[in-house]
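One structure is given here, and the rest of the page talks about it.
The values are calculated or read from the model by the stated rules, or taken from the named source; none is laboratory data. What you are looking at is a predicted structure, and each value in this text was computed from that prediction instead of being measured. Methodologically, a virtual Cβ is constructed for each residue, glycine included, from the backbone with ideal geometry; neighbour enumeration extends over all protein chains shown.
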Amino acid sequence: MRGDIRQITAMRVCTSFALLLAALLITGCSKAGPPAPAPAPAPAASVDDNLPTQAQAKLPTIRIYLGAEVLDTEMALTFQQIRTGMMFRTNIQDADSMLFDLRMPQRAAFWMKNCPESISAAYISPDGVIQEIHHLEKNDTNSVVAATDNIRFVLETSDGWFTRHNVSTGAVIRTEKGSLTETFLQR
């Protein structure tokens, strides 16, 4: 009987080992399926993906002087404020204006996407002299590019403001603190 128990125990151990070996061979030798396809790259973000979707709240203002003319103009100073500008604004009045500080001289380029009203824009050199005045047509997505790469500020006003107020190229813009450069270097 003792021999039978040893034989049965040996058979159980062998059977268990055989089953374990078979299980390992089945799982270990099975062919892996084709590799999962790599996820498709995300489409490149377009310029439109991050554009504002509504008008920005009225920005802090500064009083500027253009010869005999005085404007209390909103100041677009941050990237987001500059990017939003007058988008989505309606009923722009003669006294409404926005001054953009581009931080460094450059070849400014402004467009009118999401701007339901036409405006006028003065491209201004670092010393505060108006270099160019442009009509910007409502909802026009073509950029109006400056003729020079020395534009540091842009002043947007109601359409035709510069003509109505006899302000032309060569006019110097100042603030209570001095020139535009002096004013914005202090910020």
Starting from the range 87-101, keep only residues that are closer than 17 Å to Ile133 by Cβ, then list their pairs with residues that are assigned to a loop (DSSP other than H, G, I, E, B) and charged (D, E, K, R) whose Cβ atoms are within a distance under 9 Å, requiring at least 6 positions of separation or different chains. Ile92/Glu117; Ile92/Asp159; Asp96/Arg89
Looking at Arg103, Arg63, which is the one that is on the phi < 0 side of the Ramachandran plot, more than 15 Å from the chain's Cα centre (by Cα) and not acidic (Asp, Glu)? Arg63
Please determine whether any residue of the range 122-132 is over 22 Å from the mean Cα position of the chain (by Cα), modelled with pLDDT of 95 or more and farther than 16 Å from Leu180 by Cα. yes
